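K.L.:
What follows is a structure written as structure tokens; I'll ask about it next.
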Amino acid sequence: MMIEFVNYALNGALLGLLYALVAMGFVVIYRASKVFNMAVGEMLVLGAFLVWWAVAASAMHPAVGIAAALAISVLVGLAIERLLFRRLIGESVFSMIMVTIGLLILMRGLVLLIWGPQERPFPAIISLTPIIIGDMIVPRPLAAGGLIAVVCAAGLHWFFNRSRTGLAMSAVAEDHQIALAMGISVRRSIAFAWALGGVLSVITSMVYLSGKSLTFLSSEIGFAALPVALLAGLESIAGLLLAGLIVGIVQGLTAAYIDPLIGGNAASVVPYLFMLVVLVVRPTGMFGWKRIERV
Amino acid sequence: MSDSLESPRAGSGHADGEPLPPPHGGHDSHADPLLALANVEVLYAEVILALKGVSLSVPRAGCVALLGANGAGKSTTLKAISGIIDAEDGRVSAGGIIFDGRSIRGHDTAGVVRAGLVHVMEGRRVLPHMTVAQNLIIGGHMFPSTVAMRRALDAVYQAIPRLSELRTRTAGYLSGGEQQLLVIGRAIMAEPKLMLIDEPSLGLAPRMVEEVFAVLHRLREQGLALLIVEQNTRVALALADYGYVMEGGRIVLEGQADELRANEDVREFYLGLDREGGRKSFRDIKHYRRRKRWLG
């Protein structure tokens with residue numbers, strides 16, 4: 001009984017860390033450009049198709065294929081900045097967010113156009129044999145994903161809060177005009193944000209989809225990760241880990257203990273309940289930047 | 001204008017038809033100015049002509065003040081120089097801007113800052129969610145090495161000791177005066193030759209105004225050139241060596257600071273004093289100002 005509980009909680013926690021990794025796609029772009037990227041899920045699908053194309057369809061060596069996918073995703077990120085966001089510097093941030101919605105629709109269309117709607121087996125980049133510790137069974141991709149999430153969070157946290165380049169980008173997230181006045185290139189910051197978002201989407205797609213099937217609908221995980229991003233607060237990268245753990249564990253335990261009782265799928269609703277409560281009680285999330293108002 | 005001062009842009013309104021002086025006839029003290037504007041025009045949204053031919057110059061050391069009422073074009077002048085105007089749907093449509101011997105007209109702000117010209121915007125624009133130290137480090141974002149940045153950081157803490165005490169505090173929660181000191185400190189992290197500073201006294205308690213201007217005096221003595229926009233004419237003219245008065249997008253009056261202080265119109269409109277030096281009733285000034293405008 002106890003071991004079962006631990007097992008559910010552990011798997012939930014790892015799933016939560018995967019959400020945290022996906023949610024990093026929101027936060028990274030937000031922290032360097034103040035733009036909330038609605039197209040995170042679509043970027044992930046694009047990254048996944050790039051990996052699939054390189055590793056499964058073109059039969060490159062996995063290492064080469066992944067490197068190629070990463071390189072292309074960086075180029076896609078740079079292209080997004082060049083074609084869409086460069087023209088919008090100085091416009092309201094709201095219009096930039098609307099552009100990301102357009103981007104969502106556009107990318108979904110492009111993926112359908114290039115690769116079609118059929119299901120594709122995603123290569124098992126991360127081996128699928130579960131890790132067995134005593135009585136506990138942990139899927140290896142999830143365990144690897146948890147580790148990657150922690151490493152990415154630590155690295156990005158250091159980058160945005162300690163390194164000078166990262167701080168300069170955070171200044172862009174605070175206020176485009178101040179950043180401009182200090183001679184920070186808002187353009188370069190936004191380009192970097194999208195390139196980083198592209199890289200993250202490739203990494204996340206490998207964790208999420210290893211051994212599963214890939215279609216354009218895999219982008220749903222983007223919205224599944226939204227509650228984690230909002231619970232942490234859009235500015236905090238380290239906070240994502242804690243938020244991911246909370247949401248993941250609650251969801252895992254709900255699936256295990258409450259769903260059988262009510263005979264429904266409460267687990268998929270719980271994260272969004274969390275999100276609504278967070279938005280009402282503390283709109284800036286646990287670790288987000290509170291609006292500072294001085295009287 | 002029955003005074004001894006030059007009024008370079010007043011040509012069209014004058015009946016005696018005196019010839020227009022050359023674009024930057026200004027002060028004799030600088031044959032080689034650090035910053036020179038020649039007949040600069042600024043167009044907002046391709047429609048509104050906000051500056052109508054502004055010429056001014058700033059010497060390599062010392063302070064120049066830009067005075068005038070609301071909407072005269074003072075902030076626009078600074079934004080045109082630093083290039084921030086591009087992000088506000090404006091552009092310099094005519095004229096030349098020479099900084100340190102090179103044209104910076106139309107350059108992006110990053111290039112201008114790198115050339116040694118930094119703009120402190122109006123309204124104490126700190127990065128509110130970051131600490132004082134982080135704000136300053138971001139100001140020094142273009143240093144090639146961390147060591148050089150640390151050195152500049154120490155220099156700022158030395159120049160403005162108050163910031164050293166506050167380094168771990170969140171900038172958004174500082175008092176107005178402290179925020180003003182912070183944005184000044186952040187600007188000198190870029191190691192500029194010239195600082196454009198817009199309304200540093202706006203909304204500050206009188207004691208903080210004193211502290212902020214004490215810092216500006218000190219920076220000036222250390223060799224930083226300043227172009228200051230101020231509505232508080234008294235403190236601005238105490239700091240500046242030379243001043244320009246703007247009205248309706250033009251420069252209507254210029255002169256040495258003490259000449260301006262003695263000028264009848266400046267005393268009346270900007271210092272609120274009458275001829276004998278007594279303070280005028282505020283109501284009189286308002287009334288009088290609404291009717292009298294310089295012809296531009």
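K.L.:
Run the helix sum for the protein assembly as shown: -39,500 (n - 2.57) per DSSP H stretch of 4+ residues, divided by residue count, reported at 222 nm to the nearest 500 deg cm²/dmol. The partial results should precede the final answer.
P.N.:
Numbers: 23 runs with 288 residues, N = 591.
Computed mean residue ellipticity for the protein assembly as shown: -15500 deg cm²/dmol.
K.L.:
Something else about it: Based on a Kirkwood Rh over C-alpha pairs, give the Stokes-Einstein translational diffusion coefficient of chain A at 4 °C and viscosity 1.567 mPa s in µm²/s. Can you show the working numbers first?
P.N.:
Details: Rh = 19.7 Å.
After rounding, the answer is 66 µm²/s.
K.L.:
Quick one: compute the contact order of chain A, relative version, from alpha carbon pairs under 8 angstrom and 6+ residues apart, as a percent.
P.N.:
Details: 478 pairs, mean separation 105.6, N = 295.
Rounded, it is 36 percent for chain A.
K.L.:
So, in Å, what gap is there between the alpha-carbon centers of the stretch A:162-232 and the stretch A:258-295?
P.N.:
Cα centroid of the stretch A:162-232 versus Cα centroid of the stretch A:258-295: 21 Å apart.
K.L.:
Over what distance in Å are the Cα centres of the stretch A:66-115 and the stretch B:40-93 separated?
P.N.:
So the two Cα centres are separated by 36 Å.
K.L.:
Hey, another quick one. Dividing the convex hull volume of the Cα atoms of the stretch A:18-112 by its residue count, what figure in Å³ per residue is obtained?
P.N.:
Values: hull volume 9.5 nm³, N = 95.
Per-residue hull volume (Cα only) is 100 Å³.
K.L.:
Report the full-extension gain for the segment A:HIS61 to A:ILE137: residue separation times 0.36 nm, less the Cα-Cα distance, to one decimal in nm. Please list the in-between numbers first.
P.N.:
Values: separation 76, 0.36 × 76 = 27.36 nm, distance 2.98 nm.
Between A:HIS61 and A:ILE137, full extension yields an extra 24.4 nm.
K.L.:
Given N residues in the stretch B:33-262, what is Rg(Cα) / (2.2 N^0.38 Å)? Can you show the working numbers first?
P.N.:
Numbers: Rg = 16.9 Å, N = 230, 2.2 N^0.38 = 17.4 Å.
For the stretch B:33-262, the normalised Cα radius of gyration is 0.97.
K.L.:
Oh, and also: Show me the helices of chain A, taken as full DSSP H stretches, that run 18 Å or more along their long axis by Cα and average 1.0 or above in Kyte-Doolittle hydropathy.
P.N.:
Numbers: long enough: A:2-33 (46 Å, 1.44); A:62-80 (27 Å, 2.37); A:93-115 (32 Å, 2.36); A:140-161 (31 Å, 1.20); A:186-209 (34 Å, 1.34); A:238-253 (24 Å, 2.18).
Helices meeting the criterion: A:2-33, A:62-80, A:93-115, A:140-161, A:186-209, A:238-253.
K.L.:
Right, here's the next one. Report the convex hull volume per residue for the protein assembly as shown, counting only C-alpha atoms, in Å³. Don't skip to the end; give the middle numbers.
P.N.:
Numbers: hull volume 111.8 nm³, N = 591.
Taking only Cα atoms, the protein assembly as shown has a hull volume of 189 Å³ per residue.
K.L.:
Run a plain Debye calculation on the stretch B:41-113 (Cα atoms as equal point scatterers, no solvent) and give log10 I(q)/I(0) at q = 0.13, 0.19, 0.28 Å⁻¹, rounded to two decimals, same order as the q list.
P.N.:
Log10 I(q)/I(0), no solvent term: -0.37, -0.80, -1.48.
K.L.:
Assuming R0 = 25 Å, what is the FRET efficiency of B:ARG207 and A:ILE292, from their Cβ-Cβ distance, to the nearest 0.05? Numbers along the way, then the final one.
P.N.:
Numbers: r = 24 Å, r/R0 = 0.94.
Step by step, r from the Cβ atoms, then E = 0.60.
K.L.:
Is there a simple number for the mean count of other chain Cβ atoms within 10 Å of the Cβ of residues in B:133-141, and what is it?
P.N.:
Details: counts 1, 6, 5, 0, 6, 13, 6, 4, 11.
Counting other chains' Cβ atoms within 10 Å and averaging over B:133-141 gives 6.
K.L.:
To continue, here is another question. Give me a comma-separated list of calculated 3J(HN,Hα) values for the stretch A:215-229, in order, Karplus coefficients 6.51, -1.76, 1.60 applied at θ = phi - 60°, integers in Hz, x for any Gly or Pro.
P.N.:
Couplings: 9, 5, 7, 4, 5, 4, 4, x, 7, 5, 8, 4, x, 5, 4 Hz.
K.L.:
Next up: What do you get for GluC sites (Glu not before Pro) in the stretch B:39-112 restricted to DSSP loop and a cutoff of at most 11 other Cβ within 10 Å of the site's Cβ? Don't skip to the end; give the middle numbers.
P.N.:
Details: sites: B:GLU41, B:GLU46, B:GLU88; in loops: B:GLU46.
Loop-located and lightly packed - B:GLU46.
K.L.:
What are the extents of the Cα atoms of the stretch A:73-174 along their three principal axes, listed from largest to smallest and rounded to whole Å?
P.N.:
Cα spread of the stretch A:73-174 along its principal axes, largest to smallest: 57, 43, 22 Å.
K.L.:
Restricting to Cα pairs below 8 Å that are 6+ residues apart, what does the relative contact order work out to for the stretch B:33-262? Please round to a whole percent.
P.N.:
Values: 464 pairs, mean separation 66.4, N = 230.
It comes to 29 percent, rounded to a whole number.
K.L.:
Where in chain A lies the longest segment free of GluC sites (Glu not before Pro) that are both loop residues by DSSP (not H, G, I, E, B) and have at most 14 other Cβ atoms within 10 Å? Mind dumping the intermediate values first?
P.N.:
Working: sites that count: A:GLU91, A:GLU119, A:GLU293.
Longest gap between qualifying sites, sites excluded: A:120-292.
K.L.:
Are there trypsin sites (Lys or Arg not before Pro) in the stretch A:99-203 that DSSP marks as loop and that have at most 12 other Cβ atoms within 10 Å, and which are they? Don't skip to the answer; put the middle values down first.
P.N.:
Working: sites: A:ARG108, A:ARG162, A:ARG164, A:ARG187, A:ARG188; in loops: A:ARG162.
Counting only loop positions with at most 12 other Cβ atoms within 10 Å, the trypsin sites (Lys or Arg not before Pro) in the stretch A:99-203 are A:ARG162.
K.L.:
Residue by residue through A:182-191, how many Cβ atoms from other chains fall within 10 Å of the Cβ on average?
P.N.:
Working: counts 20, 17, 7, 5, 4, 2, 1, 0, 0, 0.
Averaged over the peptide's residues, the number is 6.
K.L.:
Then there's this: In the neighborhood of A:ARG108, defined by Cβ-to-Cβ distances under 12 Å, what is the net charge if each Lys or Arg adds +1 and each Asp or Glu adds -1?
P.N.:
Values: positive: none; negative: A:GLU42, A:GLU220.
Its environment carries a net charge of -2.
K.L.:
Dimensions of the stretch B:73-119 along principal axes (Cα, Å, largest first)?
P.N.:
Result for the stretch B:73-119: principal-axis Cα extents of 24, 19, 17 Å.
Bear in mind that the values in this text are calculations on the coordinates, not laboratory data. Only a predicted model underlies this, so the values are computations on that prediction, with no experimental measurement involved. Reconstructed Cβ throughout: ideal geometry from the backbone, glycine too, with neighbour counts over all protein chains shown.
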